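As structure tokens, the structure follows; a few thoughts come after it.
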Amino acid sequence: MTSARPNYDAAAIEAERQAAWDREDAFATRLPDDGGAGAYIKPSSPFTSGKLHMGHVRDYSLGDAYARFRRARGDAVLFGFGFDAFGLPAEMAAIERKVPPADWVERCGERMLTQMKRLGFSFDYERVFYSSDEAQYRWSQWLFLQLLEAGLIYRDDATVDWCDHCRTTLAALQVEDGRCWRCHNEVRLIRRPTWFLRIAPYLEENDRGLAALEEGGAWDEISLSTQRYILGRSDGVEVDVADVDGTTLTVFSPHADSLGAATFVMLSPRHPDVEAWAGDAAVAEQLDELRSGGWERSARDAAAVPLVDTGLAAKAEFAGGALPVLVSPLVDARYGPTAVLGIPSADEADAKVAARVPRLAGAEAAEDAGAKADVRPAVRYKAADFSISRQRFWGTPIPIVLCESCGPVPVPEEDLPVVLPRDVEPTGEGNPLAEMPEFVEVACPRCGEPARRETDTLDCHFDALWLWVPSAVPPHARDAEMFSHPELRTWLPSERLVAGSDSGGFVFDQRVVTKALRDIGPFAFMEEGEPFSGCLFHEMVIADGRKMSKHLGNVVDPDELVERYGADTIRIAILYAAGPAKTLNWNDGALRFASRFLHNLWEYTRSRRELAAKAPIDPEAAADTEFMRDRLCKWCDNGLARITADLEELQMHKAIRNVTRLLERIQDFEKRVVKRRGGLSRVDAEALIAALELLARVLAPFAPHIAEALLLADEGDAGSEAVDLGSWPERLDLGAAASGAGSR
Ligand SMILES: [Zn+2]
Ligand SMILES: [Zn+2]
């Protein structure tokens, strides 16, 4: 019996396939048979923002096609993710709606999961988690304690925006034109103690690792270049000058050939020895102002960046004597928290700086200073430590108790988690945690005296440091074995990260933390300290040449598209419209193309199947067209090889083009046979059907619903679950019957 469905009915087909996947638990993670490595394909971790946008659809369509392809090839695949559920956007959305952020996040997550299932994404939904779950952030706190003990987390003053009216610090996102997002009063900068992540010890290794990743060939060019950009490597030399006390100050320059032409020395305000250059009270005050000022925004512009002349000089024989010492965050913006030589004749930015310092007016580079200096090759990195704590409610509580006599004391591991109250509705005023005595008041774990809990919470960037780990651990084992479960060795490092090109910062810091956890112990099995052996970054989806926004009225809603065209059409359209490295300017052209292709394929396959059943058995005709079937085999095998190679490289737009070409070839075979013989004999019709079946199999990673429905119909029963839908074809096999002239 053939299915009675006359036309391509995406809604019915997709509902039926999704129900079958659910029944069969089709996407449950299966371990490799031989105990070897599995392929962990890691998509973006979505913010619980409310609903999926087209960027998500692009991300997950890419990852899903790859995951389905790898499963079809017989690989054990883990395709899982968790929600990045803490953070300011969720807190602000909850404030706006006057609900606890916990409720808002849960509602958003459920809705997004429904959308994902409707789009047919083959995640292991059992492994989905929220970073805001107690069982989850307990491990963020554990990680904090591990890094603290390893000396990779420290507390220091940082400059933050403060609103006097709302009595709260503000994130950059909450300051609009120097005013508070909530009350619109002016904000001011204050200094307060903040927790920092120290990344400097791993910068060099992150740099070295890039060469190996590039050689491995599974990191695409965008992902590599974002890593290089964030690292900000400068090659040059370093040399010693004598500081105020006559002790050594090492200075860097990228201009190895021009050291003798140096006219000043410049220090970062974060240089460890900067205090020694504070000089008199007026300079000390300027320095202090510089260090607490909001200089980030102008730090890259040499003509405007804040600049302090210490009035002091450093001894440098190689440059003819004494070099005035300046302090400026321009150093940080170019080379990190170091000290550099200013060489106006070799460096445009240095020339702009020199022009602003009266003491340097008319300063000439020493002529042939001549003195030999001990010059060593050196490297500097722009990437630097960053703050990880926020004065916000909706985040992982920092497991620290502040004691008057002991200082900051870590909460003992057995007392984790420090629980974040869930039924709180923040208003945006003050920090709700600081006003809850039941949260704040606690005995010091060290001396037992009354003390206060740290009320800052961790920025969600900190949660993200290990957000790629939990999927690799079965949910029931996460409480006890999050960082020690044997499955970690099966799935890590992740075979492929598929994420937006704006994820470079996350990935960089995830690479740092993997190395730290390797050295601390839990990740010792990842010798390279790299969390991802492969990485594909894709660009964003825009519309009408502009970023999608409610304000512009150009937001494309995935739900509406699915409703109208079906999930398979959307998936094909978004994958086909542009290669991952290109920004995708959404338009109806790709949709029309995808819709037309799937409709044609459906009609053509079904009509030819009916025809094949009736085609006459004709040995003479079969012998006459054997060379055509041979050619069909060659076409199919070539197409298959190309599509396979495209999929291996996640170049899904090329793969889909090759799928459509394959259909053209198959149709061309029919035309030629008909032209020669006036119709299809049974053998030719069966060859045609076999080729169409191969086509359905290679289409399955991109449009899984229609592909499976076509394969099932091929078996004569649309409801059957017995057909093997999964396996990737090796070649077009027409069997012995189709090749022998006299066999039919
Ligand atoms: Zn305010
Ligand atoms: Zn104490």
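The figures follow:
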quantity	calculated
Scope the stretch 136-177; condition polar (S, T, N, Q) and under 27 Å from the mean Cα position of the chain (by Cα); matching residues	GLN136, SER140, GLN141, GLN146, GLN174
Every residue from the stretch 146-187 that is in contact with a Leu (Cβ under 8 Å, 6 or more places away or on another chain), part of a helix (DSSP H, G or I) and more than 16 Å from ligand 1 (Cβ to nearest atom)	GLN146, LEU147
Criterion violated by GLU435 - all others in (1) over 24 Å from TYR125 (Cα atoms); (2) surrounded by fewer than 18 Cβ atoms within 10 Å (Cβ to Cβ); (3) at pLDDT 95 or above satisfied	(3)
Of residues in the stretch 458-491 being among the polar types (S, T, N, Q) and surrounded by fewer than 24 Cβ atoms within 10 Å (Cβ to Cβ), the one nearest to LEU173 (Cα to Cα)	SER484
Members of the stretch 159-180 found to be more than 21 Å from ALA434 (Cα to Cα) and either at pLDDT 80 or above or within 16 Å of ligand 2 (Cβ to nearest atom) (or both), listed by number	VAL175, GLU176, ASP177, GLY178, ARG179
Residue in the stretch 155-170 that is surrounded by the fewest Cβ atoms within 10 Å (Cβ to Cβ), counting only those that are in contact with an Asp or Glu (Cβ under 8 Å, 6 or more places away or on another chain) and not polar (S, T, N, Q)	ARG167
Candidate set: the stretch 423-442, residues that are aliphatic (A, V, I, L, M) and away from ligand 2 (no atom under 16 Å from the Cβ); chosen: the one nearest to ARG511 (Cα to Cα)	LEU433
Residue in the stretch 123-132 that is part of a loop (DSSP other than H, G, I, E, B), touching a helix residue (DSSP H, G or I) at 6+ places or on another chain (Cβ under 6 Å), more than 16 Å from ligand 2 (Cβ to nearest atom) and of a type in the set (A, V, I, L, M) present	no
The listed residue being in contact with a Ser or Thr (Cβ under 7 Å, 6 or more places away or on another chain), at pLDDT below 95 and away from ligand 1 (no atom under 16 Å from the Cβ), out of ASP456, ASP423, ASP463	ASP456
Filter result for ALA434 (free of Cβ contacts under 8 Å to residues at least 40 places away in the same chain and either assigned to a helix (DSSP H, G or I) or touching a helix residue (DSSP H, G or I) at 6+ places or on another chain (Cβ under 8 Å) (or both))	yes
Residue list for the stretch 392-421, restricted to those being more than 15 Å from ligand 2 (Cβ to nearest atom), out of contact with any Leu (no Cβ under 9 Å at 6 or more places or on another chain) and in contact (Cβ under 8 Å) with a residue 24 or more places away in the chain	PRO417, VAL418, VAL419
Boolean, ALA543 is touching a His at 6+ places or on another chain (Cβ under 6 Å), at negative phi and more than 16 Å from ligand 2 (Cβ to nearest atom)	no
Residue within the stretch 257-269 that is surrounded by fewer than 17 Cβ atoms within 10 Å (Cβ to Cβ), more than 30 Å from GLY178 (Cα to Cα) and at pLDDT 90 or above present	yes
Test: ASP309 is under 19 Å from ALA363 (Cα atoms), acidic (Asp, Glu) and crowded, with 17+ Cβ neighbours inside 10 Å	yes
Residues of the stretch 138-154 satisfying the condition of being crowded, with 20+ Cβ neighbours inside 10 Å and in contact with an Asp or Glu (Cβ under 7 Å, 6 or more places away or on another chain)	SER140
Some residue of the stretch 702-721 being modelled with pLDDT of 70 or more and in a loop (DSSP other than H, G, I, E, B)	yes
Test: residue in the stretch 188-206 that is part of a helix (DSSP H, G or I) and among the β-branched types (Val, Ile, Thr)	no
Test: VAL379 is assigned to a strand (DSSP E or B), surrounded by fewer than 18 Cβ atoms within 10 Å (Cβ to Cβ) and aliphatic (A, V, I, L, M)	yes
Pairs, first closer than 14 Å to VAL556 by Cβ in the stretch 572-586, second of a type in the set (Ser, Thr, Tyr), C-beta under 9 Å, six or more apart	ALA573/TYR565; ALA573/SER595; ILE574/SER61
Qualifying residue in the stretch 410-417 (condition: surrounded by 20 or more Cβ atoms within 10 Å (Cβ to Cβ), more than 16 Å from ligand 1 (Cβ to nearest atom) and either under 28 Å from the mean Cα position of the chain (by Cα) or among the hydrophobic types (A, V, I, L, M, F, W, C) (or both))	yes
Test: residue in the stretch 392-404 that is within 16 Å of ligand 1 (Cβ to nearest atom), out of contact with any His (no Cβ under 6 Å at 6 or more places or on another chain) and of a type in the set (Lys, Arg)	yes
Residue within the stretch 351-358 that is away from ligand 2 (no atom under 16 Å from the Cβ), in a loop (DSSP other than H, G, I, E, B), touching a strand residue (DSSP E or B) at 6+ places or on another chain (Cβ under 7 Å) and more than 30 Å from TRP162 (Cα to Cα) present	yes
Those residues of the stretch 604-625 which are touching an Asp or Glu at 6+ places or on another chain (Cβ under 7 Å) and among the hydroxyl-bearing types (Ser, Thr, Tyr), in sequence order	THR625
Residue that is modelled with the highest pLDDT, among those in the stretch 500-545 that are over 17 Å from PRO201 (Cα atoms) and acidic (Asp, Glu)	GLU539
Unique match (being within 19 Å of ILE190 (Cα to Cα), of a type in the set (Gly, Ala, Ser) and modelled with pLDDT of 80 or more) among ALA284, ALA276, ALA303	ALA284
Matching residues, the stretch 443-480, being in a loop (DSSP other than H, G, I, E, B) and within 16 Å of ligand 2 (Cβ to nearest atom)	CYS444, PRO445, ARG446, CYS447, GLY448, GLU449, GLU454
Number of the exception - ARG208 against (1) within 16 Å of ligand 1 (Cβ to nearest atom); (2) surrounded by fewer than 19 Cβ atoms within 10 Å (Cβ to Cβ)	(1)
Unique match (being crowded, with 19+ Cβ neighbours inside 10 Å and at pLDDT 95 or above) among ARG672, ARG677, ARG661, ARG682	ARG682
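The values are calculated or read from the model by the stated rules, or taken from the named source; none is laboratory data. As the structure is a computational prediction, the values presented were derived from the model and not from experiment. Glycine also receives a Cβ, built like all others from the backbone with ideal geometry; neighbour counts cover every protein chain displayed.
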